[in-house]
1. How big, in percent, is the set of alpha carbon pairs in region 1-117 lying more than 22 Å apart?
2. Taking the dipole about the Cα centre of the chain, with the C-beta of Lys and Arg at +1 and of Asp and Glu at -1, give me whichever of TYR92, THR105, CYS180 is farthest to the positive side.
3. Using the membrane-span-like helix rule (whole DSSP H runs, Cα extent along the own axis of at least 15 Å, mean Kyte-Doolittle hydropathy at least -0.5), which helices of the chain qualify?
4. If you wrap a convex hull around the alpha carbons of region 150-251, what volume per residue comes out, as a whole number of Å³?
5. Pop a pseudo-label 7 angstrom from the Cα along the beta-carbon direction at both ARG80 and GLU106 and give the gap in nm to one decimal.
6. Any idea which of THR6, PHE81, ASN233 is furthest toward the positive side of the dipole for the chain, if Lys and Arg beta-carbons carry +1 and Asp and Glu beta-carbons -1?
7. For the chain, which cysteines have no disulfide-compatible partner, meaning no other cysteine Cβ under 4.7 Å?
8. Could you calculate the contour length gain from ASP52 to LEU212, that is, 0.36 nm times the residue separation minus the distance between their Cα atoms, to one decimal place in nm?
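What follows draws every value from the coordinates through simple rules; no lab data is involved. Please read all numbers here as calculations on a predicted model, not as lab measurements. Cβ: placed from backbone, ideal geometry, glycine included. Neighbour counts: every protein chain shown.
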Amino acid sequence: MPLEKTDAIVLRTVPWSETSLVVTLWTEGFGKISAIAKGARRLKSPFESALDLLSRSSVVFLTKTGDTLDLLTEAKLQRRFRSAQRGLLPLYCGFHAVELTNVLTEDHQPLSGWMDWLSLTLMALDEGECASSATLRFELQALRMLGLLPSLTQCVGCGDPIDLDRPTVAMTTSGGGVACPACSPVQRNVLRITTQTVRVLQRASEVSLNDLEFSIPETAKSETRFVMEHILNQLSERRLKLLPFLEELKR
Ligand SMILES: [Zn+2]
């Protein structure tokens, strides 16, 4: 049973026994793991606040084989998420980012860059960055890292470049992106959206850790949320419970 040490962000905690929790963590190097934290529910928990949701902590865990859960032996808080003090919206956006991570990723499958984007998004929300922009940027980067980014420049049917000089474009939320006028009639789950929205989604997908500059124009807020709700509901099979709480991002 090897002992592993890594940085982690707390995605979810569930009571396991009267005194223990099962914690789901996104880790640097090991991807998503679930581990038992013995004593974490005691008043004097050995983990203190290192297992609070959205916290970034350095953890030590024992990996188990087969279906047995890993065992968390140490957790030390590095950074606490403080956005609750700013109001409910940044808090919900933080919860949404960790839920998205929990629902869309597989156990023990590290994804390059995920830790950085998740950590940076929680920090941006903490620092009062526009919650709409920070959330959309994370969602598009998450889709990119998962290899699920919708096609935003080429038709999903024929591969032709999409004419972004038209006022609106057809987008299929189940077929993976935009469709040209010839192909859109045979696509399923088609939304007709403005080209401004397509451009905003494109920009959010193209930012990098070295160049984070991205903000949503006010006029695109509502429709980008509408599109993301459709895409994320399809991908997660409606397992994302925080999405309905993000209505305020549309305003
Ligand atoms: Zn086409």
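1. 29 percent
2. It is TYR92.
3. Once both thresholds are applied, what remains is 88-104, 114-126, 131-145, 221-236.
4. Each residue corresponds to 112 Å³ of Cα convex hull volume.
5. 3.8 nm
6. Checked the options; the winner is PHE81.
7. Isolated Cys, the chain: CYS93, CYS130, CYS158, CYS183.
8. Stretched out fully, the ASP52 to LEU212 stretch lengthens by 54.9 nm.
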